[in-house]
Amino acid sequence: MKIITTIKEMQQEVRQLKVQQLSIGYVPTMGYLHEGHSALIDEARRHNDKVIISIFVNPLQFGPNEDFDAYPRDIERDERIAKEHGVDFIFYPSVDEMYPHELSVSLSVKDRTDVLCGKSRPGHFDGVVTVLTKLFHIIQPDRAYFGLKDAQQVAVVDGLISDYHFPLELIPVPTVREEDGLAKSSRNVRLSSSEREEAPQIYQTLLHGQELIRAGERNTFQLEERLKEKLANSISGTIDYLEILTYPGLRKPDQIEGKIMIAVAVYYHKVRLIDNLIIDVPRK
Ligand code: AMP
């Protein structure tokens, strides 16, 4: 496994892989790897000749009051995990390497950002598509792997790839959870012990929503209100949003039917957690 810190060197390696006609599976990450990341890496390993991951905490996708500086980092641990899972290259550039000067062309996401994290984190998805455009051009993957834990990101990146004809396939990977149901996240280490204890209630609320839908609930507003009440009563954190939307369109449905997503975000003292459940509801 090679660790590469410059764009030039990464491009040289990619060129050699292309000459040999080897397929490239790519997993973009912000590091502090956990089993969610390794599920993406394993999937990439199964279907490609070479696997490249990037580790880059992208300042552009953090708001001024967000946790860019406090975001957990541990490159040595990440190297070990990546190696164990058969990664061929880690692309690990500095902020200066990726953004040596202010960009002269900006990308801005127009659709599906007026809801969920797009609404709570203005500019976040602009930062995501900007860095991914650079990374896709540098790494030129055949397939790129993204976790459904960030389902809105999957929908937005799908739009980027199809609108701008990136010659790659987006592969969504299901959310990996702790034994108690909490979605794995690099940010979980920033929960206090009491917050960590109650945080599985987030997933329990999503499952409860799924049960109510299975029992026949079809009213979007009523279900949102019931779930918000249940969650608010079972955690000390503050609900940022709990919304039911169509997936991947991210529109508010009049009736709960077809492919829908229950999505939630909760603020704790030092961290904001997100989770979701995508459910196929048979049309009546
Ligand atoms: P991050 O390092 O948080 O930017 O995540 C990098 C990639 O890993 C993104 O595509 C995430 O959606 C994905 N990911 C993060 N957590 C999980 C998880 N618990 N299960 C599956 N994928 C995940």
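The values are calculated or read from the model by the stated rules, or taken from the named source; none is laboratory data. Owing to the predicted nature of the structure, the values given are computational and were not obtained by experimental measurement. When we count neighbours, we look across all protein chains shown, and the Cβ atoms used for this are built from the backbone with ideal geometry, even at glycine. These accessible areas exclude ligands, DNA and RNA; they are computed on the full protein's heavy atoms, side chains included. Shrake-Rupley method; radii C 1.70, N 1.55, O 1.52, S 1.80 Å.
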Inset, instruction - Hey, can you find the accessible area per residue of the range 67-170 for me, probe 1.4 Å, expressed in square angstrom? - result: 50
Inset, instruction - Kindly write out, for the range 176-187 in residue order, the coupling ³J(HN,Hα) from the Karplus curve 6.51 cos²θ - 1.76 cosθ + 1.60 (θ = phi - 60°), rounded to whole Hz, with x marking Gly and Pro. - result: 9, 10, 5, 4, 8, x, 4, 5, 5, 7, 4, 7
Legend entry - Over the chain, relative contact order from alpha-carbon pairs under 8 Å, at least 6 apart, %: 17
Inset, instruction - At 20 °C and 1.002 mPa s, grab the translational diffusion coefficient of the chain from Stokes-Einstein with a Kirkwood Rh over Cα pairs, rounded to a whole number in µm² per second. - result: 108
Legend entry - Cα long-axis angle, helix 75-84 against the chain (0 to 90 degrees, to the nearest 10): 90
Inset, instruction - Hand me the GluC sites (Glu not before Pro) from the range 103-189 located in a DSSP loop with no more than 15 other Cβ atoms within 10 Å, in residue order please. - result: GLU179
Legend entry - Cα-based helix-to-principal-axis angle, 201-214 vs the chain, degrees rounded to 10: 60
Inset, instruction - Please give every one of the aspartates and glutamates within straight-line cross-link reach of LYS83, meaning a C-alpha to C-alpha distance under 14 Å, and leave out same-chain neighbours fewer than 8 residues apart. - result: GLU35, ASP42
Legend entry - Cα centre as origin, Lys/Arg/Asp/Glu Cβ charges: the chain dipole, Debye: 420
Inset, instruction - Only helical DSSP H runs with n ≥ 4 go in: add -39500 (n - 2.57) per run for the chain, normalise by residue count and round the 222 nm mean residue ellipticity to 500 deg cm²/dmol. - result: -11500 deg cm²/dmol
Legend entry - Dipole magnitude of the range 186-274, debye to nearest 20 (Cβ charges: Lys/Arg +1, Asp/Glu -1, about Cα centre): 300
Legend entry - Above-threshold pairs, the threshold being 29 Å between Cα atoms, out of LYS252/LYS284; LYS119/LYS228; LYS8/LYS119: LYS8/LYS119
